[in-house]
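Quick notes on the structure that follows.
Please treat every number below as a calculation from the coordinates, not as lab data. Note that the coordinates shown come from a computational prediction; the quantities given were computed from them, not determined experimentally. Positions of Cβ are generated from backbone atoms using ideal geometry, with glycine treated the same way; all protein chains shown enter the neighbour counts.
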Amino acid sequence: MSAETDVYTLDPDIAARLKRNADGLICAVAQDRATGAVLMVAWMDDAALARTLATGQGSYFSRSRGRMWVKGEESGNTQQVHRVQLDCDGDAVLLTVDQTGPACHTGTDTCFDADVLLD
């Protein structure tokens, strides 16, 4: 079964705590469990968050594709999620993950290794 045909429902108590943007999404930050490095930032809708919580696989909402996707479903570079934390405002989640393979779609370990603006 693919991510787009799976049906996951977010717990109503969790859903009530979320502050979504105009598109119904919250920001999701993936952090490497071993190193603490920030790997990537993506977006989640309720179904992607529910799927992540239920399966332990990093699941996100692709704004360009207009659908949910599971990290690694095409690339094989998966994320096993060990912890999910909601921020104080309810508009972002932090996922602590074990990353297999590069996290960035460009093939690098992290999406934050290109341009250092201040060091």
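Which of 36, 66, 76 moves most in a GNM of the chain, Cα contacts under 10 Å?
Most flexible of the set in this elastic network: 66.
For 83, 51, what ranking results if the residue with the fewest other Cβ atoms within 10 Å of its Cβ goes first?
83, 51
Rank 103, 42, 16 by mean-square fluctuation in a GNM of the chain with C-alpha springs under 10 angstrom and give only the top-ranked residue.
16
Report the residue, chosen from 96, 35, 52, that carries the largest GNM mean-square fluctuation when the chain is represented by alpha-carbon nodes joined by springs under 10 Å.
For the chain, modelled as a Gaussian network with Cα springs under 10 Å, the answer is 35.
I'd like the Karplus ³J(HN,Hα) series for region 21-27: coefficients 6.51, -1.76, 1.60, θ = phi - 60°, whole numbers in Hz, and an x wherever there's a Gly or Pro.
Running phi through 6.51 cos²θ - 1.76 cosθ + 1.60 with θ = phi - 60° gives 6, 4, 8, x, 10, 10, 6 Hz.
Work out how much length residue 14 to residue 64 would gain on full extension: take 0.36 nm times their residue separation and subtract the Cα-Cα distance, in nm to one decimal.
Length gained, residue 14 through residue 64: 15.4 nm.
Using the Karplus curve 6.51 cos²θ - 1.76 cosθ + 1.60 with θ = phi - 60°, what ³J(HN,Hα) values do you get for each residue of region 92-108, in whole Hz, with x for Gly and Pro?
Each residue's phi maps through the Karplus curve to give 8, 10, 10, 9, 9, 10, 9, 8, 10, x, x, 8, 8, 5, 7, x, 8 Hz.
Got a sec to turn the phi values of region 112-119 into Karplus ³J(HN,Hα) couplings, 6.51 cos²θ - 1.76 cosθ + 1.60 with θ = phi - 60°, whole Hz, x for Gly and Pro?
10, 10, 8, 10, 8, 8, 8, 9
Let me know the charge dipole size of region 12-99 about its Cα centre in debye, to the nearest 20, where only the beta-carbon of Lys, Arg (+1) and Asp, Glu (-1) is charged. Numbers along the way, then the final one.
Working: 10 positive and 11 negative charges, 20 e Å.
The calculation lands at about 100 debye.
Under the rule of at least 5 residues apart or a separate chain, name every residue whose amide H is placed under 5 Å from the amide H of residue 78.
HN-HN under 5 Å from residue 78: 100.
Enumerate the amide H contacts of residue 68 below 5 Å, restricted to partners 5 or more residues apart or on another chain; note that Pro and chain-start residues carry no placed amide H.
Distant-sequence amide H within range of residue 68: 62.
For residue 37, which sequence-distant residues (separation of 5 or more, or a different chain) have an amide H within less than 5 Å of its own amide H, given hydrogens modelled in the peptide plane?
Hits under the 5 Å cutoff: 32.
Over the residues of region 12-99, compute the C-alpha Rg and express it relative to 2.2 N^0.38 Å.
This ratio for region 12-99 stands at 1.00.
In the chain, with Lys and Arg counted as +1 and Asp and Glu as -1 at Cβ, which of these residues, 26, 104, 114, has the Cα nearest the positive end of the dipole, that is, farthest along it?
26
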